[in-house]
Every structure is written in C-alpha cells, then in structure tokens.
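To start, the structure under review is shown below, and the notes come after it.
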Amino acid sequence: MELSDRERLRDIIKSVSYNYNERPVYKLVSGALSNFYFNLKRTSMRPDGLYLIGKLVFQKIQDLNITVKGIGGLTLGADPIAYAASMYSYQQGKELYAFVVRKEPKQHGMGLPVEGLVQSGDPVIVVDDVVTTGGSTIKAIRAAEGFGLEVKAVFVIVDRGEFNGIENIKACGYPVYSFFTLEDFTNH
C-alpha cells in the first residue's frame, strides 16, 4: 500500500528529526528539560522533506480556501517552510510570497523587521516548524501585525503538546492548524 504524502513526511520526521530519551535530557528554548526533541531542520533541509512540507502546506491553504499573499514566520524554523510553500505554489501556477521575520530588526539599511515582497495590508499565514510554548510563533505574529500584515491563520508542522503552546497561539485570536502532534511519532 502506497503511503500518503502526510504519512511519508511523518516517517521522514520520525527517522531524522525526532529524538527520545528515557530521561529528560533535551533542553528546550524555554529552559525546561524534555524526554523528546524535534529538530525539524533535518527534515526541511532534505529535498523530499522540503517538497512534502511545501505540498502539504499549500494544499492546506487550498483546502481551507484561505486567500493570502504571503507565508512566513520567525527565522530560522519558519524559513524552509515558507520557501517550500512558495516554490510549490509557483509550480501550481499560483503566487505565494515567502517572508521572513527577523529575530531583531536590522541595525542598518532599512532596518526592517520583516523581509520579503509583502507590505502593510497583505493577508498572510504565519508558520512555525515546532511549537512548545508558542513564544516564537507569537513573536512572529506580533512582528507581522506590527508590520501591518493581516494574519489569516497560523500553521505549525509539529505541536509538541506541552506548555499550552497551541492554546497560547490561539489566544492571539487566529485559527491554528498543526500537521502533526507528538502522538503521530510515538504511536507508530
């Protein structure tokens, strides 16, 4: 039986990006220790992983019938997701522009907090690779709002299911969609 694109991406993430230890040895951005850790860059920097992410994200936008001009989030986790979705959209005859939210605005040039071909008033989707507390995603949402972008939804590749991350993001007032949860990797 042939695997679906979602199943194929799950298998790639599980094989190269998911780490587990019986003891909580993985230090998270929040400072907490966990028994498991996802390094999605190991998936999103593979050609098959990048392709599948772009395809699934683009298809989700189509399935939800969301009209947006841009897709992006806080660098570095969101960058490959946005680039993949943008490239896949082009292959489908659509234009979805990637943008990057800087962790800190540039101290030279135009000093922009957001880079890309998006401008105030443009409808966008904010993306993140992995969510724990939601802090990085919320930072990206706030920067996008501050830049004048109209956030339509938030997409997360993996919801770790800890520290109320998805709930914290939903409290910003936007619909949040995750492609995978921890159970997708522990029950297979």
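The values are calculated or read from the model by the stated rules, or taken from the named source; none is laboratory data. The shown structure was predicted, so the numbers you read here are calculated from the model rather than taken from an experiment. Quick reminder, even Gly has a Cβ in these numbers, built from the backbone with ideal geometry, and neighbours come from all protein chains shown.
Quick look at the numbers
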{"quantity": "Where a residue in the stretch 24-36 is more than 15 Å from Gly134 (Cβ to Cβ) and its partner, wherever it lies, is among the aliphatic types (A, V, I, L, M) and part of a loop (DSSP other than H, G, I, E, B), with Cβ under 8 Å and at least six apart", "calculated": "Leu33/Val25; Ser34/Leu28; Asn35/Val25; Phe36/Leu182"}
{"quantity": "Only listed residue being surrounded by 13 or more Cβ atoms within 10 Å (Cβ to Cβ), of a type outside the set (Lys, Arg) and at pLDDT below 95, chosen from Ser17, Ser30, Ser44", "calculated": "Ser30"}
{"quantity": "For Lys14: the one exception among (1) under 26 Å from Tyr174 (Cβ atoms); (2) in contact with a Phe, Trp or Tyr (Cβ under 8 Å, 6 or more places away or on another chain)", "calculated": "(1)"}
{"quantity": "Close pairs (6 angstrom Cβ cut-off, 6 or more residues apart or separate chains): free of Cβ contacts under 8 Å to residues at least 60 places away in the same chain in the stretch 104-115, surrounded by 13 or more Cβ atoms within 10 Å (Cβ to Cβ) and basic (Lys, Arg) anywhere", "calculated": "Pro113/Arg102"}
{"quantity": "Condition met for Pro123 (touching a Leu at 6+ places or on another chain (Cβ under 6 Å) and surrounded by fewer than 18 Cβ atoms within 10 Å (Cβ to Cβ))", "calculated": "no"}
{"quantity": "Selected residue [surrounded by 15 or more Cβ atoms within 10 Å (Cβ to Cβ) and either in a loop (DSSP other than H, G, I, E, B) or of a type in the set (Asp, Glu) (or both)] from Val68, Val100", "calculated": "Val68"}
{"quantity": "Qualifying position, being in contact with a Phe, Trp or Tyr (Cβ under 7 Å, 6 or more places away or on another chain) and part of a loop (DSSP other than H, G, I, E, B), among Val118, Val127", "calculated": "Val118"}
